[in-house]
1. Quick one: which residues, 5+ away or cross-chain, put their amide H under 5 Å from the amide H of ALA252? H built at 1.01 Å from N.
2. Nearest 5 percent is fine: what portion of the DSSP beta bridges confined to the range 74-229 is antiparallel?
3. Calculate one ³J(HN,Hα) per residue across the range 211-221 by plugging θ = phi - 60° into the Karplus curve 6.51 cos²θ - 1.76 cosθ + 1.60, and present them in order as whole Hz with x for glycine and proline.
4. Could you tell me whether the range 241-346 comes out rounded, prolate or oblate from its Cα gyration tensor? Rule is a ≥ b ≥ c as square roots of the eigenvalues, rounded for a/c under 1.5, then prolate if a/b exceeds b/c, otherwise oblate.
5. Report ³J(HN,Hα) in whole Hz for each residue of the range 136-143, in order, from the Karplus equation J = 6.51 cos²θ - 1.76 cosθ + 1.60 where θ = phi - 60°; Gly and Pro get x.
6. Can you give the % of DSSP beta bridges in the chain that are antiparallel, to the nearest 5?
7. By its C-alpha gyration tensor, with a ≥ b ≥ c as the square roots of the eigenvalues, how is the range 182-326 shaped: rounded for a/c under 1.5, else prolate for a/b larger than b/c, else oblate?
8. Percent relative contact order of the range 40-290, based on C-alpha pairs within less than 8 angstrom and at least six residues apart?
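What follows draws every value from the coordinates through simple rules; no lab data is involved. The shown structure was predicted, so the numbers you read here are calculated from the model rather than taken from an experiment. Note: ideal-geometry Cβ built from the backbone for every residue, glycine included; neighbour counts use all protein chains shown.
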Amino acid sequence: MQSPTSSFFDIDRLRADTPGCRDSLFMNSAGASLMPQPVVKAMLTYLQEETQLGGYEVERVRRNQIDRFYAQTARLLNTQPDHIAYAYSATDATIQALSAIPFRPGDTILTTNQDYVSSQLAFLSMQQRFGIRLHRVNELPNGDLDLTHLEELIRRHRPVLVAITHMPTNSGLVLPAEEVGKLCQHYNVWYLLDAAQSVGQLSLDVTRLGPDFLVATGRKFLRGPRNTGFLYVSDRVLSAGLSPLFIDRRAASWTSPDSYALQPGARRFEPQEISLLSVGLAEAIAYANQVGIEAISQRNQCLMHRLRTGLRQLDGITLLDRGTHLGNILTFHQARQSLSALETALRRGRVVFTVQYPGSALIDFQRKAVEWVIRLSPHYFNTPDEIDGVIDCIARSLA
Ligand SMILES: Cc1ncc(COP(=O)(O)O)c(C=O)c1O
C-alpha cells in the first residue's frame, strides 16, 4: 500500500500515538474513534491544572490554548475563525442553527431520507408544534440523491431550509453536498449540512460546499473527545443577523435591562461553559490538520477498497451501501447465522464494531428490508493487515 503524500504521515508514529489499535481490530471510528495521545495528554494536563487552580483560573491562563480551536477549525474548513462556534455535539449545533432561522407556520424544510435521526426528530417536532412542512428528496435507483427532484421541490415549495447529511450514520454513501450548495445559493435557500460523519475523513472546504450552517461532532473521524462539536456559519448568516433563540451569556452582552448586543461573529451561537473537552477537540483538529485531510482520504480509500472487495467475495454476505461515492462506513447483513452468533465471533476476533438497528435510520432500513446491520468504519491508522484480519474473522464465522 502506497504511503499518502504528507510528511507527517508516518504510519508507525501515528499508530504509536494510538495505543488502542494494538489490542483490537478497531473498526468504529463512525461511532467514537480512538483519540491520539496528544489529545489525551492535553486534556489530562488541563484537568490536572484545574485541580490546582480551579476551572475559571485555568480558563484565564489557558485562553490562548482554548482559542486555538477557532484557528484550527477554520483551517480545516478553509474559512476564518470568526465563522466558527464551539458546540457540545453536532445535535447541539443543529438545534442552535434551527433556532436561528425565523421559521413561520407553513414554511417548508426539505430534507433527505438519509438525514440523521435527531434531525428528523427535530423536523417532526417543528412540524407538530409550528406547522412546518417537511418534504424529503428522492433517491436515484443507484442510491444517489436525485438532484433533479431536489430542484423540483425547491421550485414547487420555495423552502426556507434545505438540510442534508453529508454521510449518513448507517451507510457509506457520500451525498453531493457541493451540488446541493449550488442549488441553495441559486434559489436563495438556507442550507444546513450535517458533516458529523464526514469531518476528519473528507475535505470540507466551505468555499466549495457553500453551506450556511455546517455542524460536526468531535468524537468520530476527527478523533476528539465525546461531548464536543462545532458549528460553522456563513457570511450570509452573520450579515442577516441570525442568532439562536436562546442565547447563552458568552454569546451576547446584556447592555441594558431590556437590550443585549450579540457577539459579532459565530460565537453568538456558543455555550458559556467550556472545559478540558474543548482543549481536547482543538488538539484533535490540529492533529487532523497536521496529518492532512488529503493524505487521510487517500489512505482511507485504499483501506475501504480492500475491505469492500474482500467482503464482497464472501458467500452469504450482503453489502448494503449504495451510491456512486462511498466513504469510510461499510454496512453488511447476512442471513446464515443469528446476529448474536456473528457478534460473538467478531468480538472473539477482537473486532470493535457496531450493530445498527432501524431506529437509527428508519427509512433506509425499511428500504433495505433488514432488521440490523453490522457497521465497520476503519480509519487511516488501521492497516491493510487489520482489514484482512476482519475479513478472515467474518469468513471463519460463516464457515
Ligand atoms: C450523520 C450524523 N449526524 C449527527 C450525529 C450526532 O452527533 P452528536 O452525537 O455529536 O450530536 C451523528 C452521530 O452518530 C451522525 O452519525
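1. Distant-sequence amide H within range of ALA252: GLN263.
2. Details: 3 of 19 bridges.
In the range 74-229, DSSP labels about 15 percent of beta bridges as antiparallel.
3. For the range 211-221, the Karplus-derived couplings read x, 8, 10, 10, 10, 8, 10, x, 7, 8, 5 Hz, x marking Gly and Pro.
4. Working: a/c = 3.21, a/b = 2.45, b/c = 1.31.
Judged from the Cα gyration tensor, the range 241-346 comes out prolate (a/c at least 1.5, a/b above b/c).
5. 10, 7, 6, 10, 6, x, 7, x
6. Numbers: 24 of 43 bridges.
The antiparallel proportion sits near 55 percent.
7. Values: a/c = 2.78, a/b = 1.88, b/c = 1.48.
Prolate, because a/c is 1.5 or more and a/b exceeds b/c.
8. Values: 464 pairs, mean separation 66.4, N = 251.
Normalised by residue count, the contact order of the range 40-290 is 26 percent.
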